[in-house]
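**Q** Got a structure for you, questions after.
Taken together, the values in this text are just the output of simple stated rules run on the coordinates, not laboratory data. Worth saying up front: this structure is predicted, and the values here are computed from it rather than measured. Backbone-built Cβ (ideal geometry, glycine too); neighbour counts: all protein chains shown.
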Amino acid sequence: MDTILVANAGSSSVKFQVFGISADGGLMRQIKGLMDGVGSRPRLRVTAVDGAALVDRTYESETVHDVATALATAGGWLREELKVDPIAIGHRVVHGGPDYDRAVLVDQDVLARLERYISLAPLHQPYNLAPIRSILARFPNLPQIACFDTAFHRGHGPLADHFAIPLALHAEGVRRYGFHGLSYEYIASALPQVAPEIAGKRVIVAHLGSGASMCALDQGRSIESTLGFTALDGLPMGTRPGQLDPGVVLYLLSEKGMSPGEVQNFLYRECGLKGLSGISNDMRELQGNSDPRAVFAVDYFVHRVGLNAGMLAAALQGIDGFVFTAGIGENSPQIRAAIAGKLAWLGVSLDAAANSENKLLISGRESQLPLYVIPTDEELMIARHTWSVLSHQSDKSVKYERVS
Ligand code: ADP
């Protein structure tokens, strides 16, 4: 069976999955893997879909010193041990800039264009692109498809897309892009099956993980997002502040004598839940901690989700459903209950038992709005895009070169 490898490369880890393509073009998840501790204590873990462990192996730090090598090592293991020889690799790429409203087959020109957006997503983009560059050099005929977190939001109207700054800056790409698009696109694609009564209506989706944002879906299309030019805006996140008066950045530069690089590091790594609590960037740790700073950080997070829900409800001119997803959204009854409390003005009420069991539908019978918990699946979305680009490309006789 032909397979597609899906890769999500970060600064010190690469997550990957293998999907088989059935005779009728359906995608079947076969394998999940993670190589983490890259450069420090590299560890490869791979499981079958049923959760059975296939490997748990550590490597010398020098042998897996960067994420490109990490994916190459994982790919080598898949090839040698499981005879997985993918016909294409789909990569998560966080920033597609203004150019890409869909996934794209990567060549040298596309790659050069995507490298221009490194400064817009310094925590993600360089690591997303490094394995692509390395594979392109070694296997130039192996199709690699870049799937963007920004693409799903590219249909935003001008009011959602602009900052109130001179238009020339917008023209050169200083825009409100929005992120987590692969997650929102997956949720939009799942709604007709799991929540058909709201699929074609006005839905707010809250992707609450280490990175967090919210999206307004109108008939399955994104019309507004809380994230903007970079992945710093909107909701507070694990280590990022979310919405911040730009005057704070000026203050840090002029009054605190910080360099631009120091400010960047501060905004991406020292703020959010971590900065507020001084304890942890991890919601699990904070919600179980009675230290007043931890309590405040959690309250702040919930407060901002509530405020942003109001903003998105205004963008949609009403709201017919609310969806929680990602690590916090899928797993934390406590945070969901607190957020539902902030939505009480919309007539929302919670079914406490359903909520505590992470059920699909967690709103109470009398709630004027259904609340759903829908696990996201960005990897499946990447596999779908990859297969779609490949299917279209094969009309134009792209040659598939297998690695072995
Ligand atoms: P990302 O993919 O952005 O790294 P995730 O979607 O995996 O992030 O979400 C990670 C966040 O989810 C962390 O803050 C973690 O504490 C939180 N999380 C995971 N499980 C739970 C849980 N059971 N209760 C509360 N928070 C949780």
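**Q** For region 219-272 and region 345-398, compute the distance between their C-alpha centroids and round to whole Å.
**A** So the separation of the two Cα centres works out to 27 Å.
**Q** Which loop-located GluC sites (Glu not before Pro) does region 51-126 contain, where loop means any DSSP state but H, G, I, E or B and the Cβ has at most 10 other Cβ atoms within 10 Å?
**A** Taking region 51-126 and a limit of 10 other Cβ atoms within 10 Å, the loop GluC sites (Glu not before Pro) found are Glu60, Glu62.
**Q** OK, next. Let me know the Rg and Dmax you get for region 226-270 when you use only its Cα atoms, in Å.
**A** Gyration radius and largest Cα-Cα distance of region 226-270: 10.3, 30 Å.
**Q** Let me make sure I get this right: for region 137-210, a, b and c are the square roots of the gyration tensor eigenvalues over alpha carbons, sorted descending. Under 1.5 in a/c it's rounded, otherwise prolate if a/b > b/c, else oblate. Which is it?
**A** It comes out oblate by the Cα gyration axes.
**Q** Something else: Averaging sequence separations of C-alpha pairs under 8 Å and six or more residues apart, then dividing by the length of the chain, give the relative contact order as a whole percent.
**A** Computed value for the chain: 14 percent relative contact order.
**Q** Now for a different question. Alpha carbons only, please: Rg and Dmax for the chain, in angstrom.
**A** According to the Cα coordinates of the chain, Rg and Dmax are 21.3, 63 Å.
**Q** Kindly identify region 104-146 as rounded, prolate or oblate by the Cα gyration tensor criterion: order the square roots of the eigenvalues as a ≥ b ≥ c, call it rounded if a/c is under 1.5, otherwise compare a/b with b/c, prolate if a/b is larger, else oblate.
**A** prolate
**Q** Give me the percent relative contact order of region 276-404, please, defined on Cα pairs under 8 angstrom at least 6 residues apart.
**A** Relative CO of region 276-404 lands at 18 percent.
**Q** OK, next. Before anything else, pin down the relative contact order of region 305-376: Cα pairs under 8 Å, at least 6 apart, normalised by residue count, whole percent.
**A** Value for region 305-376: 33 percent.
**Q** Let me ask something additional. Using only DSSP helix segments of four residues or longer, with each worth -39500 (n - 2.57), what per-residue ellipticity at 222 nm results for the chain after dividing by its residue count and rounding to 500?
**A** Result for the chain, helices only: -11500 deg cm²/dmol.
**Q** Just to confirm a number: summing +1 for Lys and Arg and -1 for Asp and Glu over residues other than Ile362 whose beta-carbon lies under 13 angstrom from that of Ile362, what do you get?
**A** In short, 0.
**Q** I would also like to ask the following. Kindly state, to the nearest 0.05, the FRET efficiency for Glu62 paired with Tyr300, given R0 = 25 Å and r defined as their beta-carbon distance.
**A** 0.05
**Q** Here is a further query. Cα gyration tensor of region 241-318, axes a ≥ b ≥ c as square roots of the eigenvalues: rounded (a/c below 1.5), prolate (a/b > b/c) or oblate?
**A** oblate
**Q** If r is the Cβ-Cβ distance from Val263 to Lys83 and R0 is 45 Å, what FRET efficiency results, to the nearest 0.05?
**A** Once the sixth-power term is evaluated, E becomes 0.40.
**Q** If we sort 258-265, 46-53, 123-130 on the protection proxy, mean other Cβ atoms within 10 Å, highest first, what's the order?
**A** With the highest mean Cβ count within 10 Å placed first, the list reads 123-130, 258-265, 46-53.
**Q** Within 10 Å, at most 15 other Cβ atoms, and a DSSP state outside H, G, I, E, B define an exposed site. Report the longest part of the chain free of exposed trypsin sites (Lys or Arg not before Pro).
**A** 117-255
**Q** So which GluC sites (Glu not before Pro) in region 158-231 pass both tests, a DSSP loop state and at most 15 other Cβ atoms within 10 Å of the Cβ?
**A** The qualifying sites are Glu172.
**Q** May I pose another question? Using the Karplus curve 6.51 cos²θ - 1.76 cosθ + 1.60 with θ = phi - 60°, what ³J(HN,Hα) values do you get for each residue of region 271-276, in whole Hz, with x for Gly and Pro?
**A** 10, x, 4, 5, x, 5
**Q** When Lys and Arg each count +1 and Asp and Glu each count -1, what net charge do the other residues less than 15 Å away from Asp99, Cβ to Cβ, add up to?
**A** Net of charged neighbours comes to -2.
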